[in-house]
Amino acid sequence: MSVSSVDKRVREHGIRLFREKFGKIVKNILENKPPVLLIPKRTLSNTIYDEKNKMLLLGPEYLRRSFFDMNEAKKFMQTMLMASIIYDALVNNEYPTIRDIYYRGKHTIRVKKKGMRMEEENTWDKQSESDSVIRDIEVYLGILREELLILSKEKGKVVGNMRIRSGDDVIDLSRMGHGAYSIEPTPDLIEFLDVDAEFVLVVEKDAVFQQLHRYGFWKKYKAILITSAGQPDRATRRFVRRLNDELGLPVYILADSDPYGWYIYSVFKIGSITLSYESERLATPAARFIGVNMTDVFGTSILNINKLKKKLPPDIVEAISKLPPKKPYLSERERRNYIIKAKPKDVERAIELCGYDVADACLGNVRDEKIRKAIRGKEGIPGYPWFRKPEWIRELCIFFHTLAKLEIEAIASKGLRFLADKYIPQKIETGDWIT
Amino acid sequence: MATTSEAARFRHISPAEFFAKYKEIAGFGNPSRAMYQTVRELVENALDATDSHGILPNIKIIISRPASSTSSNHYTITVEDNGIGIPPQHVPNAFGKVLFSSKYVQRQTRGMFGLGVKAAIIYAQKTTGEPVEVVTSTIGSKRIYYFKIKIDLAKNEPIIVERGSWRKSREWHGTIASLTIEGDWGRSARRLIIEYIKRTAVVTPYANIVFVTPDKQVYFFKRTINKLPPPPKEVKPHPRGIDLTFIKDLIKSTKKDTVKDMLVKNLQGVGDKIAEDALRLAGIDPNKSPHKLSDDEIKRLVAVLRGIDPDYLYRLQGSVGEKTVAEAISENIVGIKYEQAIAAAKEAGIDPQRLYAELSEEEIDSLAKALKRFYPRYKAPSSESLSPLGEEIIIEGLKRIYHPEFVAATTRRPSAYQGHPFIVEVGIAYGGKIPSRNRPQLLRYANKIPLLRESSDDISWKVVMGLSSRRAAAEIDKDKAMREFWSQYGVEFPAPLVVLTHICSTKIPFTGVGKESIADVPEIERELRLGLMDVARKLKRYLTQKKLEAEKKRRVIVLAKYIPEVTRSLTIIAKDIFGNGIEEKLRNKLIELAAHRIGIEQEEVKEIVDSVETGV
């Protein structure tokens, strides 16, 4: 088997890390010290929003996982088991996926003592359990699983005028035909060779990515075109981050105009709440949301500033009123054709993003009982700080006011030409995006 | 049954009169109750004839439908014991003449009414017309005697219908008594009788008890201990516990020539000095013939002997009108002169010229204390007359019937109320085969007799249910109080809990005529409470220990079962650093550390670790 030099290096680093950290545990046991792991806490309460660097980070709290603590014993065993599986794979030049690992570690522990009821349990039952232990290993070692050569399904794709080295091969991302390069699960092992691009456009939807690719968008506008195909995986996020970090390219995110699309943007920009420990390496704080905006659909005249004053803090209302007004890209007739009614789940998610007070201030008369119930259930939710900006509040406000959402495909079906040659370039040119 | 006593110790009343008066009270109100009561009378006599005389009882109870009878509701109840037997010359009177047991001597016996089995015999005679059949032989007698006896109700004389005797062919002694009555073996009678026998079996683990029902079902309670409770001794009555009837009876039967001698001979702890003092106070010449005492003198004598009773002093407040303290006391308390009343009042810190009716409770208590100085002092009543079961027997008995996982018992030291000695015993059984219930299952006993009817005004019931007699019962949530009380001892309901209370005394203070519940006597309540707390604390210790043990076991298993996996996993990484021998070392070290942590032997952890299989 020919292994790339890059992989070899990473492997050796991983093996060293395991020997160092777990060798210490063994040493402690031999010295009569109880087996204990100190792991940074991965809980919401230990997740902090770093205002300065604009991303979610793990807080200072540590979790003491002692083997002799009744409630932690199983978790401790699982962590040891997981460490042995990953270590074994590293040593044996393997590339397990998280699913492989789940199966490798899953077995039954049986206590069969005479005069005692037989006890039986599995090391773990669902993959979510073993995934969670992988995350524990990541924070314990301070390393991402990709760097331990644990793979996951490739999801993200990229095309553009650039050449990279992956493994020992050089790949030209401008020569992918109608296809695209799948972003490998270990993007840190990619080396950027040469790039001729002005910006990065990340498209949420694979279908829209393909349309723009075939249209020649990236050639025409000197773009690196990427799709996350829905919720971005870690590799895509790390890849985007590196483009932004190392090449200084601005990153634009094009997503649906609905709470789900906004959340995808948020994951690129800030990180995900459940995996805040990797934000430092995965988040792209400078990512820009280029659309689709609610204001692109409805314009800004639909907002009644006076109404907002009743329920929102005056400084926010003041800031919103100072934002430049916008005209809609869609006509009244197009809106009627493309708009989709928001569902209760959408409303709930929107409130989680920007806070209950915005919903309360902007909602009109809601007739739908299910939506009313969804709203009541979220009373008092404060919203995430990075969505409490006037630009976002204006977007969300229009959403609550109209209870409408819109997919990017709607803009594309108005005409690919419109999307590629007018909507995107014009928005970039006029700075019509939100950070 | 006072079968061995002298004839002089009995006195007669008309049986017809007696039965008319006591039929309901004695428990013969309906066929179902009559059946139960008949079983009780016979069983209690059988036990008294055995365990009180140092004999390990073998009791056989058979209820059957007589073959000869035409009526379907006639039942024959036969109880056989291996007791001391009855001398043949006493048999007719013992079964055929209604007598009251003598009270000249006191000792704790089971019979509660003093009527004994005779009520059942009269009931049988009235309902089925059948005589009582008795087969008996005393220890050492060479013959067995056989009688059929009826009672001449008008004359209160036994009628011997049949009699006979034969030579003993084997060494047997005891009594077989058989009665045919109009009865009932319906659900409630069946339940009551079986429960009675079961509860009797609880306190007689030293007895073999066989019970055959009319349906030919057999219950057998096998003897599990060969130890008998010490038989009660006969003691003279304590002067504080006597009454008018007692003195009058005494006068009738005494052979002494002087009152003084009569008192000294027949009362507990009364010597020449105390007798003289008492008689002087009562204003009676010690050398007077007992037969010449006037009614008034007898009354005064009883009052002095019983001593100063604070209750009487309270009651007096309602009847003395406008009298001053000095007047009220000197006019109503026998033997206290006006000057003595003044002195006592002053000693109690009370102005003797105040109105007696206006005294507070505390003042009356102090006054009673001061007055006692003028009265004879007695020793506390002797408890030799009492026969407690003893802790061992209670524990054994609860085990035999309930098969609990934990059992404890306590016998309190003797105490006394109003001149009557008593001993409280409390047993507790928990878990095992006891079914869980929403409150403690309470087994009450008085003088070894089960009290079956659950009664919420019984003092044991109150104590065991965690109710204080001081609190107004209506004001509190009883169930909550009960749960809170037991919760202190680690018992959360529903729980498998049985509590046994036994009060033995020469006089059980029953409430009312039903004789099923015991009155709120503060001295008894105190002893019950202390006894219950004692056994409940033992239970708590047991439960805490059990919980700890369970927790420990749990911990051992939880930790031990993961040791092989942790060892194997760590070895995969560590063998490259520490070499191949590391697996064994790690395993032993983890076993050692775990054992140390939990506080058990390494061997115990190792055993579980060795029993772990990790499959794929």
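The values are calculated or read from the model by the stated rules, or taken from the named source; none is laboratory data. The structure presented is a predicted model; accordingly, all values stated were derived computationally and were not measured. Cβ atoms come from the backbone with ideal geometry, glycine included; neighbour counts cover every protein chain shown.
Numerical summary
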item: Which listed residue, of A:ILE143, A:ILE86, is under 22 Å from A:ALA235 (Cβ atoms), modelled with pLDDT of 90 or more and not aromatic (Phe, Trp, Tyr); result: A:ILE86
item: Subset of segment A:29-46 (residues that are within 11 Å of another protein chain (Cβ to nearest Cβ), assigned to a loop (DSSP other than H, G, I, E, B) and surrounded by fewer than 16 Cβ atoms within 10 Å (Cβ to Cβ)); result: A:GLU31, A:ASN32, A:LYS33, A:PRO34
item: Residue within segment B:37-49 that is part of a strand (DSSP E or B) and buried (at least 18 other Cβ atoms within 10 Å of the Cβ) present; result: no
item: Selection within segment A:380-422 - of a type in the set (Val, Ile, Thr) and either buried (at least 18 other Cβ atoms within 10 Å of the Cβ) or at pLDDT 90 or above (or both); result: A:ILE393, A:ILE398, A:THR402, A:ILE408, A:ILE411
item: Residue identified as touching a residue at least 12 places away in the same chain (Cβ under 8 Å), outside the structural domain of B:GLY29 (by TED's automatic domain parsing) and either closer than 20 Å to B:VAL117 by Cβ or of a type outside the set (S, T, N, Q) (or both) among B:PRO231, B:PRO214; result: B:PRO231
item: Complete set of residues in segment A:335-358 that are touching a Leu at 6+ places or on another chain (Cβ under 8 Å) and under 19 Å from A:LEU312 (Cα atoms); result: A:VAL347, A:ALA350, A:LEU353, A:CYS354, A:ASP357, A:VAL358
item: Given (1) among the aromatic types (Phe, Trp, Tyr); (2) over 30 Å from A:ARG165 (Cβ atoms); (3) within 10 Å of another protein chain (Cβ to nearest Cβ); (4) outside any loop (DSSP other than H, G, I, E, B), index of the condition A:PHE68 fails; result: (4)
item: Filter pass, B:LYS515 being in contact (Cβ under 8 Å) with a residue 40 or more places away in the chain, among the basic types (Lys, Arg) and not assigned by TED's automatic domain parsing to the domain that holds B:ILE428; result: no
item: Index of the failed condition, A:PRO325 passing every other in (1) assigned to a loop (DSSP other than H, G, I, E, B); (2) within 21 Å of A:LYS405 (Cβ to Cβ); (3) not basic (Lys, Arg); result: (2)
item: Members of segment A:275-303 found to be without any contact (Cβ under 8 Å) to a residue 40 or more places away in the chain and farther than 25 Å from A:GLU409 by Cβ, listed by number; result: A:SER301
item: Whichever residue in segment A:108-134 is among the polar types (S, T, N, Q) and either away from every other protein chain (no Cβ under 12 Å) or assigned to a loop (DSSP other than H, G, I, E, B) (or both) and, among such residues, is farthest from the chain's Cα centre (by Cα); result: A:THR123
item: Every residue from segment B:156-203 that is of a type outside the set (Val, Ile, Thr), part of a helix (DSSP H, G or I) and in contact (Cβ under 8 Å) with a residue 60 or more places away in the chain; result: B:SER188, B:ALA189, B:LEU192, B:GLU195, B:TYR196, B:LYS198, B:ARG199, B:ALA201
item: Residue within segment A:181-195 that is modelled with pLDDT of 95 or more and touching a Ser or Thr at 6+ places or on another chain (Cβ under 8 Å) present; result: no
item: Some residue of segment B:421-439 being free of Cβ contacts under 8 Å to residues at least 40 places away in the same chain, surrounded by fewer than 20 Cβ atoms within 10 Å (Cβ to Cβ) and small (Gly, Ala, Ser); result: no
item: Residue count, segment B:56-96 (criterion: crowded, with 18+ Cβ neighbours inside 10 Å and in a loop (DSSP other than H, G, I, E, B)); result: 6
item: Segment A:251-310 - residue that is in a helix (DSSP H, G or I) and of a type in the set (Val, Ile, Thr) and, of those, nearest to A:ILE340 (Cα to Cα); result: A:VAL297
item: Residue match in segment B:560-567 (condition: polar (S, T, N, Q) and within 10 Å of chain A (Cβ to nearest Cβ)); result: yes
item: Failed condition for B:ASP249, given (1) in contact with a strand residue (DSSP E or B) (Cβ under 8 Å, 6 or more places away or on another chain); (2) within 26 Å of B:TYR75 (Cβ to Cβ); result: (2)
item: Condition broken by A:HIS107, with the remaining ones in (1) over 23 Å from A:TYR277 (Cβ atoms); (2) crowded, with 19+ Cβ neighbours inside 10 Å satisfied; result: (2)
item: Among (1) facing chain B (nearest Cβ under 10 Å); (2) of a type in the set (A, V, I, L, M); (3) surrounded by fewer than 21 Cβ atoms within 10 Å (Cβ to Cβ), the one test that A:MET82 misses; result: (3)
item: Enumeration of residues in segment A:307-345 that are farther than 23 Å from A:TYR423 by Cβ and within 25 Å of the chain's Cα centre (by Cα); result: A:LYS343, A:PRO344, A:LYS345
item: Matching option when the condition is part of a loop (DSSP other than H, G, I, E, B), out of contact with any strand residue (DSSP E or B) (no Cβ under 7 Å at 6 or more places or on another chain) and β-branched (Val, Ile, Thr), among A:VAL358, A:VAL366, A:VAL347; result: A:VAL366
item: Scope segment A:194-212; condition surrounded by 20 or more Cβ atoms within 10 Å (Cβ to Cβ) and under 14 Å from A:GLY156 (Cβ atoms); matching residues; result: A:VAL200, A:LEU201, A:VAL202, A:VAL203, A:GLU204, A:LYS205, A:PHE209
item: Of all residues making up segment A:231-255, the number that are among the aliphatic types (A, V, I, L, M) and touching a Lys or Arg at 6+ places or on another chain (Cβ under 9 Å); result: 5
item: In segment A:85-107, the residues that are closer than 19 Å to B:VAL566 by Cα, touching a strand residue (DSSP E or B) at 6+ places or on another chain (Cβ under 7 Å) and more than 7 Å from chain B (Cβ to nearest Cβ); result: A:LYS106
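For (1) assigned to a strand (DSSP E or B); (2) under 20 Å from B:LEU570 (Cα atoms); (3) at pLDDT below 80, each residue gets a yes or a no:
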residue: A:ASP7; (1), (2), (3): no, no, no
residue: A:LYS27; (1), (2), (3): no, yes, no
residue: A:LEU63; (1), (2), (3): yes, no, no
residue: A:PHE76; (1), (2), (3): no, yes, no
residue: A:LEU81; (1), (2), (3): no, yes, no
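Residues are listed down the side, and each one gets a yes or a no for (1) part of a loop (DSSP other than H, G, I, E, B); (2) polar (S, T, N, Q); (3) out of contact with any strand residue (DSSP E or B) (no Cβ under 6 Å at 6 or more places or on another chain); (4) more than 30 Å from A:MET77 (Cβ to Cβ):
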{"residue": "B:GLU484", "(1), (2), (3), (4)": "no, no, yes, yes"}
{"residue": "B:GLY490", "(1), (2), (3), (4)": "yes, no, yes, yes"}
{"residue": "B:PHE493", "(1), (2), (3), (4)": "yes, no, yes, yes"}
{"residue": "B:ILE508", "(1), (2), (3), (4)": "yes, no, no, yes"}
{"residue": "B:ARG529", "(1), (2), (3), (4)": "no, no, yes, yes"}
{"residue": "B:MET533", "(1), (2), (3), (4)": "no, no, yes, yes"}
{"residue": "B:TYR542", "(1), (2), (3), (4)": "no, no, no, yes"}
{"residue": "B:GLU549", "(1), (2), (3), (4)": "no, no, yes, no"}
{"residue": "B:LEU559", "(1), (2), (3), (4)": "no, no, yes, no"}
